[in-house]
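Trainee: This is the structure, below, for whatever I ask next.
Every number in this text was worked out from the coordinates using simple rules, so none of it is lab data. These numbers come from a predicted model, not from an experiment. Don't worry about glycine lacking a Cβ; one is built from the backbone with ideal geometry, like all the others, and counts go over all protein chains shown.
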Amino acid sequence: MKSVTVTLFALLIASIAAGPALGASDKAVALNNEGKELFSQARYSEALQKFVDAIDADSVYSEARVNAARVAEKLEDWANVKFQYLTVLTYDKDNIDALVGAGNYFVRVENYDEAKGYFDRALKIDQGNATVHFGLGTMYHKMKNTKKARLEYKKTIALDPENFPLAYYRLGRYEFETAAKTKDFSKAADYLSSYLERGKDGDILYSTNMDLATIQIRKKAYAKAIDYYAAAKLIKPSEWKPYFYTAEALRAQKKMKQAEKEYLATLERKPGHGESHYRLAVMYQQNFEDDKALEHYKAAAKDRSFKNRKAASNAAAALEDYLKKVKEAEAG
């Protein structure tokens with residue numbers, strides 16, 4: 001098997017050295033363009049076939065190989081990703097796209113020394129390439145080297161403020177974590193807001209809105225926090241957290257009827273949530289709705305993850321005893 005692979009690779013290199021057949025490049029360009037159109041429509045398998053056909057037509061057509069690698073990334077065909085990028089670099093050693101693609105591939109497989117080698121080669125060609133700095137930022141992020149990741153992400157957005165929203169999110173998260181000690185969340189808010197303006201990833205948009213809401217809660221800007229929670233609800237309607245924290249913000253403003261609705265909405269999404277049950281129980285008891293209060297105290301006491309579980313159990317027992325005595329008095 002090893003000899004067959006070596007033979008195929010040797011034939012590939014020989015065909016590259018020989019150059020494309022007469023007229024093949026025009027055909028390759030047309031096929032590559034068809035592949036790009038299919039790629040834009042997220043028809044990845046069909047796009048890949050077009051890029052492969054373009055490569056068959058012209059084996060040294062770097063753009064087609066890079067595009068084949070990029071669509072292979074979407075298909076999670078990692079062997080093909082590696083093959084296409086490294087093949088380009090056998091005959092086009094200064095191809096920035098291939099160098100960055102190879103670097104990103106090795107970051108994915110956690111071969112950081114190899115990845116850095118490709119990124120460094122790219123930087124020697126173009127120090128002002130935002131894509132290279134973003135790749136390095138991602139590498140350092142995965143290595144948990146926050147200091148260097150922060151530096152590379154800042155370079156990325158300085159060079160290209162619009163096309164790397166994830167850099168803003170990562171910088172925002174770094175600042176958010178730092179602010180837990182400094183209590184200054186202004187930089188975190190700026191970066192995270194910048195992600196909201198540019199980002200499209202649903203999971204990250206959800207997380208960003210939740211983080212920005214948390215920042216507003218710390219400032220006691222409850223109305224602004226509720227707006228961010230509302231945005232998070234639209235992104236993930238089935239998630240319970242935005243509803244619960246909206247309820248908490250409303251309770252802090254003493255808007256109890258609105259808070260009640262949000263706690264109930266929380267329980268629709270997470271029926272056993274002890275803290276929501278406990279909050280409702282207290283509210284109902286204060287409004288002399290003792291039967292409802294008892295129901296929610298008992299439910300809160302069943303949630304083993306609820307830190308006030310014992311208090312809920314004691315409150316349920318006391319209220320149940322009180323209601324029993326009331327019934328006995330009424331009967332007598």
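Trainee: Can you tell me the dipole magnitude for the chain around its Cα centre, using point charges on the Cβ only (Lys, Arg +1; Asp, Glu -1), in Debye to the nearest 20?
Mentor: Computed charge dipole of the chain: roughly 1580 debye.
Trainee: Another question about this same structure. Treat segment 214-332 as a sphere of radius equal to its Kirkwood radius over Cα pairs and apply Stokes-Einstein at 20 °C in a medium of 1.002 mPa s; give the translational diffusion coefficient in µm²/s, rounded to a whole number.
Mentor: The diffusion coefficient I find is 142 µm²/s.
Trainee: When only alpha-carbon atoms count, how far does segment 98-160 stretch along each of its three principal axes, as whole angstroms with the largest first?
Mentor: Computed over the Cα atoms, the extents are 28, 25, 14 Å.
Trainee: Ok, one more. Could you give the distance between the Cα centres of segment 197-245 and segment 255-332, to the whole Å?
Mentor: Taking the Cα centre of segment 255-332 as reference, the centre of segment 197-245 is 27 Å away.
Trainee: Work from the charge dipole of the chain (Cβ charges, +1 for Lys and Arg, -1 for Asp and Glu, about the Cα centre) and give the residue of A102, S62, N163 farthest towards its positive end.
Mentor: N163
Trainee: Give me the angle, in degrees from 0 to 90, between the Cα long axis of helix 62-74 and the longest principal axis of the Cα atoms of the chain, rounded to the nearest 10.
Mentor: Taking Cα atoms only, the helix is inclined about 30 degrees.
Trainee: Turning to a different aspect of this structure: Cα centroid distance between segment 58-96 and segment 110-158, in Å?
Mentor: Using only Cα atoms, the two centres lie 20 Å from each other.
Trainee: Give a residue-ordered list of calculated ³J(HN,Hα) values for segment 187-193 (Karplus: 6.51 cos²θ - 1.76 cosθ + 1.60, θ = phi - 60°; whole Hz; x for Gly, Pro).
Mentor: Couplings: 5, 4, 4, 5, 5, 5, 5 Hz.
Trainee: With θ set to phi - 60° and the Karplus curve 6.51 cos²θ - 1.76 cosθ + 1.60, what are the ³J(HN,Hα) couplings of segment 116-133 in order, to the nearest whole Hz, using x for Gly and Pro?
Mentor: Coupling constants for segment 116-133: 4, x, 5, 5, 5, 4, 5, 5, 5, 7, 8, 5, x, 8, 4, 5, 5, 5 Hz.
Trainee: Same structure again: Among N67, N308, N104, which one shows the biggest mean-square fluctuation in a GNM of the chain, springs joining Cα atoms closer than 10 Å?
Mentor: Maximum among the listed residues: N308.
Trainee: Once you sort the root eigenvalues of the Cα gyration tensor of segment 164-250 as a ≥ b ≥ c, which label holds: rounded (a/c under 1.5), prolate (a/b larger than b/c) or oblate (the other case)?
Mentor: oblate
Trainee: For segment 225-332, run through the chymotrypsin sites (Phe, Trp or Tyr not before Pro) and keep only the ones in DSSP coil with at most 13 other Cβ atoms within 10 Å of their Cβ.
Mentor: F288
Trainee: When only Cα pairs under 8 Å and 6 or more residues apart are kept, what is the percent relative contact order across the chain?
Mentor: Once normalised by length, the contact order is 6 percent.
Trainee: What is the mean projected area of the alpha carbon convex hull for the chain, to one decimal in square nanometres?
Mentor: In nm², the orientation-averaged hull projection of the chain is 23.9.
Trainee: Kirkwood Rh and Cα-based Rg: tell me the resulting Rg over Rh for segment 271-332, rounded to two decimals.
Mentor: 1.04
Trainee: Report the Cα-based extents of segment 36-160 along its three principal axes, largest first, to the nearest Å.
Mentor: 45, 28, 27
Trainee: So, one more: What value, in deg cm²/dmol to 500, does the helix sum -39500 (n - 2.57) over DSSP H runs of n ≥ 4 give at 222 nm once divided by the residues of the chain?
Mentor: -26000 deg cm²/dmol
Trainee: With a cut-off of at most 12 other beta carbons within 10 Å, and DSSP calling the residue loop, which trypsin sites (Lys or Arg not before Pro) in segment 289-319 qualify? Please list them.
Mentor: Answer by residue number: R304, K307.
Trainee: For each of L99, L89, L151, count neighbouring Cβ atoms within 10 Å of the residue's Cβ, then give the residues from fewest to most.
Mentor: Exposure proxy ranking, most exposed first: L151, L89, L99.
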